[in-house]
Every structure is written in structure tokens, then in C-alpha cells.
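As C-alpha cells, the structure follows; a few thoughts come after it.
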Amino acid sequence: MSDRTDELLLARGIGKTFPGVKALDKVDLTLRAGEIHALMGENGAGKSTLIKILTGVYARDVGTIEFDGRQISPNSPSEAEAAGISTVYQEVNLIPTLSVAENILLGRQPKKFGIIQWRAMRRHAARALERLGLELEVSRELRSCSIAIQQMIAIARALDVQAKLLILDEPTSSLDEQECEALFAVMRRLRDDGLAIAFVTHFLDQVYAVTDRITVLRNGGLVGEFETAKLPKLELIAKMLGKESGELPSSVGGAGTPLPASEGHPKGGLGETRPTFESASAIGDSEAPTTISKKTPFLSAKSIGRKMGVEPLDLQINAGEVLGLAGLLGSGRTETARLLFGIDSRDSGHVSVEGKPVPLRSPREAISRGLAFCSEDRKTEGIAPNLSVRENLILAMQASRGALRQLPLPEQLRIADHYIRALNIKTADTETPIRNLSGGNQQKVLLARWLAMQPKLIILDEPTRGIDVGAKAEIEKLVESLRERGMAVLFISSELDEVVRVSQRVVVLRDRRKVGELEGDFDEHRIMNLIAQPHE
Amino acid sequence: MSDSEKKIRGWFGGGRLLWPVLSLAALLLFNLIFAPSFFHFEIKDGHLYGTLVDILNQGSKVMLLSLGMTLVIASGGVDLSVGSLMAVAAATGALLVTKTSLPFGIVVPACLALCGLFGAFNGLMVTALRIQPIIATLILMVTGRGIAMLLTGGQVITFERASYVYVGNGHLFGLPFTTTIVLVTLVATLWITRRTAVGLFLEATGDNETASRFCGVPTARIKVLVYAFSGVCAGIAGLIASSNIKAADANRVGEMMELDAIFAVVVGGTALTGGRFTLVGSMIGALLIQTLTTTMYNLGMPPAIAPVPKAIVIVAACLLQSAKFRDALRGLLPRRATT
């Protein structure tokens, strides 16, 4: 396997900078013929940038790419394809109303005197599918096929150009378990044919099911390359999250604090200032907490779930408490939040707020019950980009008052000015369009939007993503002060140390399932253990 | 910036009115040089007459349509059915005044309510059925005229009812009555959108519908409301158009006027992508289009080729609005200096 001649792609020292962000820094990637290679990393790790450089979507700033013995610098996806690098993206990029055969050969239809040779085309398409071990009527309309089959057809199309390297960018995110298995069978078959496959996924179990080696990226840098069989899951998670698996992460304890590597270590640093409970407990009722529980939780959800979203799970959020929701990307954290806020309808379960059962069918209703939701996707679900800071800030408040009771302009300005000062929002004035603000300041405006509503429960989905360290610290401090004022907070973050620092209780999710709940005395290590724990 | 200044800027759409106003001014300047009679006024029987007054009068229909159209476009949609709804209003109005003895004070709200309902139907197709606005309103654009034909039995219905005739031909305060109708509708629309939160909800919905919904903005209700309002505006325009000729011609009333209204809105500074809107800008846009049409007639241009220069001016006005185009133009200048 390690024979030098097997090495199909050697990317060395790849770097790419976008205005203000170093997306990739000195990253190496080696892909061998006849292997399935996982590319792993959390959000912002640089996976998609790296793939886009390999496929010619972006030009690299520095570094070399040797592919199949030649130096290449593809300038467009078609150039990369001509060199032998094909990609299948997460969303199937096919045309639903055309036939399977047309989709496989679109743009390369066999022609004679400019006329499409339909019979040759169907034969060719059938052969391309045969290579994947797929038998299918190729004159069928594509949209009559399941998503999994469409995914395979996309792969057949990608391979039809004499590809030597196939990049699969999250191909499994919309597939169910059996469909995944079928896809894996095809992947193994292609690997055995000598193809190199780069596989991007967020599902750890899939990595172990199908890949030979793993390259881990974090924050635009290379963490390392590992053989899948020799890398325990816990260690993989630790590497993705930038922690050491064997000991407590150094960021928890604060400077100079000696850290015993025991599981029972109390949360250091900030942990001293808040109540710590005698025992940690996994799922199940805990008797320990004296300060918070015993009275009715603010929100209690019983086995709420949604197909392709999250498996049914229970949640309780108390007033004056920060509940952390931990798990890797794609583990169902955001899906859970969306169920609670009434964005997606749930297939099962009940929710009660302050002891009363509520339907929670729309954001409007959720807001009227005292809920607030700060989405992780600031751009598409948060800001109205061309409206001013003031308008963005008072939007939810105005919406809850109704159209007819307009907040008087002086009042709007007073609220906007108050939050601009209180949250230290950097903006020219209240009338600046919010799109002109930096990411961190946009985030603060969105937080202010909800704080102005004085909600009883605020759901923060990745509130610190893509913002600078200073703003992160400010937001953490803010969450703590909200809790002290008696607000319930559901805090979602990929940054485990952040979750540990701000939460009193943590619910851990993996592969769209709740796998545990930790209370009182927990640390990143225990969360990682829960994430890594094998399927039951 | 003082509070009142902010308020005024909000009412007039910030700096976005600059280009439409400049375009209109350029067109008027052209007329001042080449057809000075353009600016002549005459007072007869206490009423003001002149080309500019004609423009106000003739332009009233497009101005009314563009009020509704502005709000629909701000919501991220478009309403192609307004021309046909004008025909529906004209047919209904003419039928009611000829076949019944209902007072005109009932006929008008009845026609407007009908058009409002049709508009709400558009809105429901866009929101509840998630049909693309251009398709949803195309349905009524085609069937609306059919409904009007059905009502009139394919005949041109003429009428003499004085109150109906007054709408499009009468004078008030020395100006055509239509001017008053436009002004009252404009002020009412401005009031509804800017003195309540409807304008904010509408701009937020057009700018980012998902985010607005997540904030609790009733985005679907707002959309149905603006389509219904657009229907009502079309109804008023339809009554004026039929009153102008004292007849309802279901085939011709409001023909192609939906396009003039869309032009007026876009030239006036409201982007087709939705979001921020300016009603005053759309009024200027409508006046620009009417001034252009009148200028063509004045210059004796045959009606058959009049659309060509009209299209050229509209393209120019749209390009001037595009910051990208202006940058490109600026980029050209120094290069020309060096070569």
C-alpha cells in the first residue's frame, strides 16, 4: 500500500487566503490509487477550500499539486475533469426532467453529423452504470429515481470522463442507512478497480465503515494523516476538535493550573465561580442539583423527533440555566433547535412551556411563548442585509407588536443606541446597512434583536462561529449574564471548550441521536467519550 | 443626522431618487429646447390645460398601477395581472351603471373589492401554493381579460352616468380629477407603509424572507396584502381608463400596462430583487414614461415606431441606476484620456 508509485495525487504546502481569512495554510494531501481517503474536519477547517482548489474552482496562492506524475494547476472544473479529477457534490447536480442516459452523457452525447445517436447513448450509459454494478432502465426520467440512485448516476457521470480520482463531497447527507450501504458497496468496487476516492463526510461511523486513510484538517491547517484502522474514534474526534485525547485540554484550566488527567476533574477556571454538583450523571434523573431543578423546567420536550432530522429525544431547559448541546457537525444539533422553535414540524413528541403543553408550530408562536432563536446561518436566516442596523435590531420586537402599533422612531433609535453601546457593536451609526458590518458585529446585532424581546429562553446556534476571539469572549460573558438574570439558554457550539465553559448541563448528540446528558461535573473529555462511544 | 432628517430620508428613499429625477429633468430639458410649447399653460373655464397637465392626466393610470406594483416588487414578486384587472374593473363598472341603478358610491367599492379579491387570490397562489409570482399572476393576466370579456359578452359597453364620466374627465381644484385620485392614493399608501410597520415588514420580507419569518414577521400575510392592494390599484386605474372613453372595452383596457408599471417601478429605483422600495420614485418613473410617450407624439413620431426610442430611454435610465455600470463608465474615462 505504501509503495511510492501508488501515490496518485501529491498536494504539498497548499495555501489560500481570502480577504481577511487564511482559509488554508501549508496543507499536504496524499491520495493513492486504490484507496478511499476520508477528508475530515469541522466547520471552517478548510475541506471545501481544498477540494475547490483540486477541482479548479479556486486558484491556490502557494503550493504544488502533482497528479498522476505531472504538475497540474487546473483553472476550471472542466480542466480538472480533463486531467482526471471528477467531483460529485452534496446536492445532486443533475437535471431531473431528463433521462438517466442524457444525464450521464450531457454535453458529451455521441453525435453523427450533429445528430444525437440515441441508441449509442443508451448503450454507453448502461455500460457506465454497469461499472457501478447498477442495472437500471436508462431511458427513465431521472426524477423518478430515488436520491440514492441519483447520487450513483452522478457518480457514473463523473467516472465517465476517465476519472482517476473521484471526490465525493458529503454524498451521504441525504441518504438513509441502506442507501449508504449501497453507495459504500459501489465505492469499494471502484477502489478495487484502482480508483482513488476522496470522501468528505461528517459521519464518523461511515469513515470507519469505508475508508482506508484519513486526513484531518483544522482551522485551515493540517492536523495529520492517519490510517483509519490505527486511529481510535476518540482520537479522531480529539484531532478534529484540536484536543489531546489522553489528557484534559489545556484551555480549560487556565494558565498554570496543573491538570490531573482524571475524568472527575471539575471544570477549571470559570468553573469555580458557579455551583458544582457532587456527582456527574449520564442520562436519567439526577438528584444532585439543588439550586435549579425541582421546580417545573421552563421548557420540557418529550421524545420530539423528525424523520431525516433527529431521532426522538427528551430535553429539559430550566430558567437560569445554560444547557449545552454538543456534538459534531451533522449530529442533529441545529435540527433539534429548529424543532423547538417551530421552524420544522416534528413527527413525534410533545413540548410544554412552563408546564403547559404547546403546539409550537411556527416561529411566530414560539416567539409568543417567550422563545428566541439565533440561527447559525447568519446570512440566510439572520440578517436582512440591506436594512439598517436599527431596522434589523427592532424587527422581531416590531413583529411581536404587530404591524399597526409601530414603535415610534425615537423609541427605535433609543433601543438601537442602547444595544450598540451595551454590546459594543461597531457601526458608523444606526442607519448603516447591516451588510457593511463585520461578521462579529452582525452577530451582536442579531443577539440584540432577541435580547430586546426579553425572551425567557434563547437558543444560540453557533453564536461564535466566524467571529474573532475578542467578540467570542464578549458573547460568552453575555450568555453568563443572561443566565444570572434568570434566562434559560440553549447553547449550541462545535467548540467543546466553549460549551464546557458556559453550560451547567450538556446534552450530547451523535448521528442525529441523543447519546447522553452530563451534569455538574463534566469536561471536554467526557463529552468526547460520549461522541466516540460505539453504536449500541 | 437628526431624527427628522432620518425620517425624511426614509420617506424619500435616501439618495436613490437622484437618478430617476435626473432622467426626468433631462427629458424635460430636451423638450424645453426642441419643443418649447411643451411648457405652455392655458386657463379655460377655470381649468388648467397644457401638455404637462396632459401628462399628469394620462399618466395617472400607470402611476396608480405602479403604487401597487412597487409594493409587490418590494416583496420579491411581480404582478402581471394588473392590466387584465383593469379590464375586469372597467367591465364590472360599466355593467353596474348600465344594467342596475345602484348609486355610483356603491359601484366603485364593489369594483375595487372584486379586484382586491382577485389580487388576494394572486397572493394566495404565491404564498400558500408557492407558485412563482410571474407564473401565478400570469394565470390571472390571461383569465382576467377572459372574465372581463365574459362579463361584457364581448361587446363594448358604453355609458353616460355623469358621476362615472367625471372620474376620468372631470376637474377638481383646476386640475384633472385623476390628479387628486393619484395624490390621495399616494398619500394613503405612504401613510400605511411608513406610519405603520407594514413598510418595514415588507422590506424585510423582500430582503430576506427566511430571516423575517424566523423573527415572527407574518410574511405570508404581508404578501397576500400587497397583491390584494395591487389589485385595488388596478381597479381604480381600470375605472379611470373606462371613464376616459365612456366605455368598457374589455379587449383594450389596460393592455400592456402591467409592463409600463413594472418599468416605472424599476426606473424609479426599486430593485426587482425586492427589499427597499420608494413609492415617490415609482411616481417619478411613471411620469418619466408618460413624458416620453407624450414627447414622441409631440414630435410627430408614428405610433408604430414609438416603442423603439421609448425602449432606448428606459434602458438608459436603468443603466444609469446601476452602480456597476456607472463604475464601468467612470473606468472608461481615464482610459480614453490616455489613448
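Return yes when A:Val207 is at pLDDT 85 or above, assigned to a strand (DSSP E or B), open to solvent by less than 50 Å² (accessible area, probe 1.4 Å) and in the same structural domain as A:Gly46 (by TED's automatic domain parsing) and no when it is not. It is false that A:Val207 is at pLDDT 85 or above, assigned to a strand (DSSP E or B), open to solvent by less than 50 Å² (accessible area, probe 1.4 Å) and in the same structural domain as A:Gly46 (by TED's automatic domain parsing). Only a single item in (1) in contact with a Phe, Trp or Tyr (Cβ under 8 Å, 6 or more places away or on another chain); (2) over 29 Å from B:Tyr164 (Cα atoms) is not met by B:Gly274, and it is number (1).
Is it fair to say A:Asn75 is out of contact with any Gly (no Cβ under 8 Å at 6 or more places or on another chain), under 19 Å from A:Leu166 (Cα atoms), open to solvent by 10 Å² or more (accessible area, probe 1.4 Å) and assigned to a loop (DSSP other than H, G, I, E, B)? In short, no. Kindly indicate whether B:Ile134 is farther than 30 Å from A:Gln412 by Cα, part of a helix (DSSP H, G or I), touching a helix residue (DSSP H, G or I) at 6+ places or on another chain (Cβ under 9 Å) and away from chain A (no Cβ under 14 Å). Taking the combined requirement at face value, the residue does not satisfy it. Within the set B:Leu332, B:Leu287, the sole residue that is farther than 30 Å from B:Ala197 by Cα, aliphatic (A, V, I, L, M) and open to solvent by 10 Å² or more (accessible area, probe 1.4 Å) turns out to be B:Leu332.
Yes or no, residue by residue, for (1) at the interface with chain B (Cβ under 7 Å from one of its Cβ atoms); (2) at positive phi; (3) touching a residue at least 40 places away in the same chain (Cβ under 8 Å):
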| residue | (1), (2), (3) |
| --- | --- |
| A:Asp377 | no, no, no |
| A:Thr380 | yes, no, no |
| A:Ala384 | yes, no, yes |
| A:Gln398 | yes, no, no |
| A:Leu404 | yes, no, no |
| A:Ile420 | no, no, no |
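Within the stretch A:382-408, the set of residues being assigned to a helix (DSSP H, G or I) and open to solvent by less than 40 Å² (accessible area, probe 1.4 Å) comprises A:Gly382, A:Val389, A:Arg390, A:Glu391, A:Asn392, A:Leu393, A:Ile394, A:Leu395, A:Ala396, A:Gln398, A:Ala399. Going through (1) farther than 17 Å from A:Ile492 by Cβ; (2) within 14 Å of another protein chain (Cβ to nearest Cβ) one by one, A:Phe373 falls short only on (1). Residues in the stretch B:199-244 that are aliphatic (A, V, I, L, M) and away from every other protein chain (no Cβ under 14 Å): B:Ala228, B:Val232, B:Ala234, B:Ile236, B:Ala237, B:Leu239, B:Ile240, B:Ala241.
In the stretch B:77-85 there is at least one residue that is more than 28 Å from B:Thr179 (Cβ to Cβ) and within 17 Å of the chain's Cα centre (by Cα).
Could you please let me know if B:Met149 is open to solvent by 10 Å² or more (accessible area, probe 1.4 Å) and under 30 Å from B:Leu190 (Cβ atoms)? No; evaluated as a whole, the condition is false for this residue. Selection over the stretch B:269-321 of residues that are within 14 Å of chain A (Cβ to nearest Cβ) and among the hydroxyl-bearing types (Ser, Thr, Tyr) gives a count of 3. Annotation for the stretch B:184-197: no member residue is open to solvent by 50 Å² or more (accessible area, probe 1.4 Å), away from chain A (no Cβ under 14 Å) and in contact with a Ser or Thr (Cβ under 7 Å, 6 or more places away or on another chain).
Those helices (runs of 4 or more DSSP H) of the stretch B:196-254 in which 1 or more residues are at pLDDT 95 or above, among the aromatic types (Phe, Trp, Tyr) and over 18 Å from A:Glu381 (Cβ atoms) occupy B:219-245.
Quick check, is B:Thr179 open to solvent by 10 Å² or more (accessible area, probe 1.4 Å) and closer than 30 Å to B:Ile43 by Cα? For B:Thr179, the condition - open to solvent by 10 Å² or more (accessible area, probe 1.4 Å) and closer than 30 Å to B:Ile43 by Cα - is met.
The values are calculated or read from the model by the stated rules, or taken from the named source; none is laboratory data. Everything numeric here is computed off the predicted structure, so don't read it as measured data. All Cβ positions, even for glycine, are placed from backbone atoms using ideal geometry, and neighbour counts span all protein chains on display. Remember, those area values only see protein heavy atoms, side chains included, never the ligands or the DNA or RNA. Shrake-Rupley method; radii C 1.70, N 1.55, O 1.52, S 1.80 Å.
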